[in-house]
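The values are calculated or read from the model by the stated rules, or taken from the named source; none is laboratory data. Computed from a prediction, not measured in an experiment: that's the story for all the values here. Every residue, glycine as well, gets a Cβ built from its backbone with ideal geometry; the counts of neighbours run over all protein chains shown. To get the accessible areas, we keep the full protein, side chains included, count just its heavy atoms, and leave off ligands, DNA and RNA. Shrake-Rupley method; radii C 1.70, N 1.55, O 1.52, S 1.80 Å.
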Amino acid sequence: MDIRLSVTQNQILSQKMIQSMEILQMNSQELNEYIKEMAMENPVVDIEEKYETPDKAGDLMKKLEWLDSLDERNRIYYRQEYGDNSEDKGLMDYNESVGEELSEYVLHQLLTVELTDLQYDVIQFMVYSLDNKGYMEENLKDIASRFHTNEDFVEEQLKLLQSLDPAGVCARNLRECLLIQLDREAEPDETAKAIVRDHLELLGKNQLHVISRKLKLPMEQVVEACDHIKDLNPKPSRGFDARGRLKYITPDVTVVKLAGYYEILLNEYVYPKIGINSFYRKILESTPSQETKAYIVDKIRQAEWIKNCIGQRNSTLMRVAKCIVDYQERFFNLGAGHLKPLRLQDVAEMLEVHESTVSRAIRDKYLQCPWGVFTMSYFFSKSISSEKAGEKITTEQVKALMMHVIEDENKNKPLSDRAITECLVERGVKICRRTVAKYREELGIKDASGRKRFQ
């Protein structure tokens, strides 16, 4: 009997540890969903939709003081946090403008065009099927089948849409998008059209000499045509609002710069506060049923345990955030390019916790500061040795240095990865060619052949 009891207790303890770790690694939005689901499963739980604290007004004023130094875009985060109906809304004095969506803009151009019901239904379907670049990737045969018509009819509607603005909208791929724009020009560039139509892959690889040979044209003419193509818009949706595709980020931690110090604010307003329903407490006091009492007590303990786990999560997150702010003070003062090397192990040792605890605490969480919104993992970076008296620099600093080297190169004879490595070594950075290639790709910079400019 004792053995069985011990096994059961160990199982319960193990489940609670797992639950605690899961809550620790939840961001604010995930925690919000978790609490609401838990409240549906546990009848004794009451939740308050807004997490109230006695010092909320003080926290808000600190945020407002900080917001005065930021642009309007960052203020939107606080509208999301306090909600449109908040009594604090008047203090924010927002002037939020919303851009026109591409679909609305395209359909608006057809208001004066006489269309049959079938034409409009097909056109509307295609417009609302555009991807985030403004391309129409739906198969015409599938659209024809959906509306019980023929493919030629659908093709006609597509051509009508492709005649609208912005030029290139409803193209089925990049090649068609660019050709539509070239065809609209008063003096079509036949060389540019030939390159887009037949040699777009070579252009992407910057192999202009191969294009010149295949088209049997002077290099100067090919370079001019390619420069023309690069001035075209590969994304017709650019400049239009994409509200339906935006992923809103709610910061879990806000770092506010005040006079002489930084205030760290935990975003507890995103998720509700857990309370115990008084009705069940009264039942617990009055019911003679031991079974009912046991059930209610179990549910109350479960709710109290969750509250305790959330409290531990918040405490750990706050401690980790404070370590980051203290250690990366130069970044918070000066911005990008001033991070110091910092490992999970370093913070774990400062807080006297396991490294995995720090890892879970920062997982998928965001920190907002005067320089923008960053993942908390952004502040942790490996160090690279420098020849300066044991000094170490971050990968961010190495990438910045790489970009300077590439910006200063001769564009007619761009540096290879090996040459970039040698330049960095000359500047005291101990790095290998493979790492340089990896960082270059992460920065979205092409290799030497892709950066070469032809005269």
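Return the pairs, sorted by first residue and then second, in which the second residue is assigned to a loop (DSSP other than H, G, I, E, B) and open to solvent by less than 40 Å² (accessible area, probe 1.4 Å), the first residue lies in the range 396-420 and is free of Cβ contacts under 8 Å to residues at least 40 places away in the same chain, the beta carbons are less than 6 Å apart, and the residues are 6+ apart or on different chains.
Final answer for the pair search is L415/E409.
Given the criteria more than 22 Å from F331 (Cβ to Cβ) and either small (G, A, S) or surrounded by 14 or more Cβ atoms within 10 Å (Cβ to Cβ) (or both), does E409 qualify? Break it down into steps so the answer makes sense when it comes.
Numbers: more than 22 Å from F331 (Cβ to Cβ): yes; either small (G, A, S) or surrounded by 14 or more Cβ atoms within 10 Å (Cβ to Cβ) (or both): yes.
Criteria met by E409.
Would you point out which residue out of N132, N206 is touching a helix residue (DSSP H, G or I) at 6+ places or on another chain (Cβ under 7 Å) and closer than 27 Å to A225 by Cβ?
Details: N132 fails: closer than 27 Å to A225 by Cβ.
One residue alone meets the criteria, N206.
Which of (1) open to solvent by less than 20 Å² (accessible area, probe 1.4 Å); (2) β-branched (V, I, T); (3) free of Cβ contacts under 8 Å to residues at least 40 places away in the same chain does V127 not meet, given it meets every other one?
V127 satisfies all of (1) open to solvent by less than 20 Å² (accessible area, probe 1.4 Å); (2) β-branched (V, I, T); (3) free of Cβ contacts under 8 Å to residues at least 40 places away in the same chain except (3).
Each row is one residue, and each column tells you yes or no for (1) closer than 30 Å to N267 by Cβ; (2) not charged (D, E, K, R).
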{"site": "L334", "(1), (2)": "yes, yes"}
{"site": "D346", "(1), (2)": "yes, no"}
{"site": "E349", "(1), (2)": "yes, no"}
{"site": "V358", "(1), (2)": "yes, yes"}
{"site": "Y366", "(1), (2)": "yes, yes"}
{"site": "T395", "(1), (2)": "yes, yes"}
{"site": "M403", "(1), (2)": "no, yes"}
{"site": "D417", "(1), (2)": "no, no"}
{"site": "V429", "(1), (2)": "no, yes"}
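So if I check each of V223, V256, which one is of a type in the set (A, V, I, L, M) and part of a helix (DSSP H, G or I)?
Values: V256 fails: part of a helix (DSSP H, G or I).
Only one candidate qualifies: V223.
So, in the range 282-329, of the ones that are assigned to a helix (DSSP H, G or I) and of a type in the set (S, T, Y), which residue ends up most open to solvent (accessible area, probe 1.4 Å)? Give the derivation first.
Kept after step one, since they are assigned to a helix (DSSP H, G or I), are these residues of the range 282-329: 282-286, 290-327, 329.
Those left that are additionally of a type in the set (S, T, Y): 286, 292, 295, 315-316, 327.
Values: S286: 88, T292: 51, Y295: 112, S315: 61, T316: 29, Y327: 73 Å².
Restricting to residues being assigned to a helix (DSSP H, G or I) and of a type in the set (S, T, Y), the top hit is Y295.
I'd like to check something: does the range 210-227 contain any residue that is over 13 Å from T191 (Cα atoms), under 30 Å from the mean Cα position of the chain (by Cα) and exposed (fewer than 15 other Cβ atoms within 10 Å of the Cβ)?
no
I'd like the full set of residues that are surrounded by 15 or more Cβ atoms within 10 Å (Cβ to Cβ) and part of a helix (DSSP H, G or I), limited to the range 179-202.
Our first condition is that a residue be surrounded by 15 or more Cβ atoms within 10 Å (Cβ to Cβ); within the range 179-202, this holds for 179-182, 189, 191-196, 199-200, 202.
If the condition is that a residue be surrounded by 15 or more Cβ atoms within 10 Å (Cβ to Cβ) and part of a helix (DSSP H, G or I), then L179, I180, Q181, L182, T191, A192, K193, A194, I195, V196, L200, L202 are the ones that fit.
Go over the candidates A361, A348 one by one and state the one that is assigned to a helix (DSSP H, G or I), buried (at least 16 other Cβ atoms within 10 Å of the Cβ), touching a helix residue (DSSP H, G or I) at 6+ places or on another chain (Cβ under 7 Å) and without any contact (Cβ under 8 Å) to a residue 24 or more places away in the chain. Lay out the reasoning, then the answer.
Numbers: A361 fails: without any contact (Cβ under 8 Å) to a residue 24 or more places away in the chain.
Every option except A348 fails the conditions.
I'm trying to understand the selection: among the residues of the range 153-204, which are among the basic types (K, R) and touching a Lys or Arg at 6+ places or on another chain (Cβ under 9 Å)? Even if it seems obvious, please write down each step before you answer.
Residues of the range 153-204 that are among the basic types (K, R), as a first pass: 159, 172, 175, 184, 193, 197.
Across the range 153-204, the qualifying residues are R175, R197.
Considering only the range 167-178, state which residues are open to solvent by 30 Å² or more (accessible area, probe 1.4 Å), in a helix (DSSP H, G or I) and either farther than 23 Å from V122 by Cβ or in contact (Cβ under 8 Å) with a residue 24 or more places away in the chain (or both).
Correct list: L174, R175.
Starting from residues that are in a loop (DSSP other than H, G, I, E, B) and in contact with a helix residue (DSSP H, G or I) (Cβ under 9 Å, 6 or more places away or on another chain), keep the ones in the range 263-281 and report whichever is farthest from M40 (Cα to Cα). It would help to see each step written out before you state the result.
Filtering the range 263-281 down to residues in a loop (DSSP other than H, G, I, E, B) leaves 267-272, 277.
Now restrict to residues that are in contact with a helix residue (DSSP H, G or I) (Cβ under 9 Å, 6 or more places away or on another chain): 267-272.
Values: N267: 23, E268: 21, Y269: 20, V270: 18, Y271: 15, P272: 13 Å.
Residue satisfying both the conditions and the ranking: N267.
Please state which of the following conditions N233 fails to meet, knowing it meets all the rest: (1) touching a residue at least 60 places away in the same chain (Cβ under 8 Å); (2) of a type outside the set (G, A, S); (3) surrounded by 15 or more Cβ atoms within 10 Å (Cβ to Cβ); (4) outside any loop (DSSP other than H, G, I, E, B).
It is condition (4) that N233 fails.
Collect the residues in the range 421-442 that are open to solvent by less than 30 Å² (accessible area, probe 1.4 Å) and within 30 Å of the chain's Cα centre (by Cα), keeping them in residue-number order.
I431, V436, A437, Y439, R440 - these are the residues of the range 421-442 that are open to solvent by less than 30 Å² (accessible area, probe 1.4 Å) and within 30 Å of the chain's Cα centre (by Cα).
Residues are listed down the side, and each one gets a yes or a no for (1) touching a Pro at 6+ places or on another chain (Cβ under 7 Å); (2) more than 24 Å from Q397 (Cα to Cα); (3) basic (K, R):
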| site | (1), (2), (3) |
| --- | --- |
| W305 | no, yes, no |
| C309 | no, yes, no |
| N314 | no, yes, no |
| L317 | no, yes, no |
| K322 | no, no, yes |
| E329 | no, no, no |
| F332 | no, no, no |
| D346 | no, no, no |
| L351 | no, yes, no |
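Filter the range 98-112 down to the residues that are open to solvent by 60 Å² or more (accessible area, probe 1.4 Å) and without any contact (Cβ under 8 Å) to a residue 60 or more places away in the chain and list them by number. Step through it out loud before you land on a result.
Residues of the range 98-112 that are open to solvent by 60 Å² or more (accessible area, probe 1.4 Å), as a first pass: 98, 100, 104-105, 108, 111-112.
Listed by number, the residues that qualify are E104, H108, L111, T112.
In the range 119-143, what count of residues is obtained for those that are in a helix (DSSP H, G or I) and more than 28 Å from the chain's Cα centre (by Cα)? Full working, then the answer.
Within the range 119-143, the subset in a helix (DSSP H, G or I) is 119-128, 140-143.
The next check asks that each one be more than 28 Å from the chain's Cα centre (by Cα); those that pass are 119-125, 140-143.
The number of residues fulfilling the criteria is 11.
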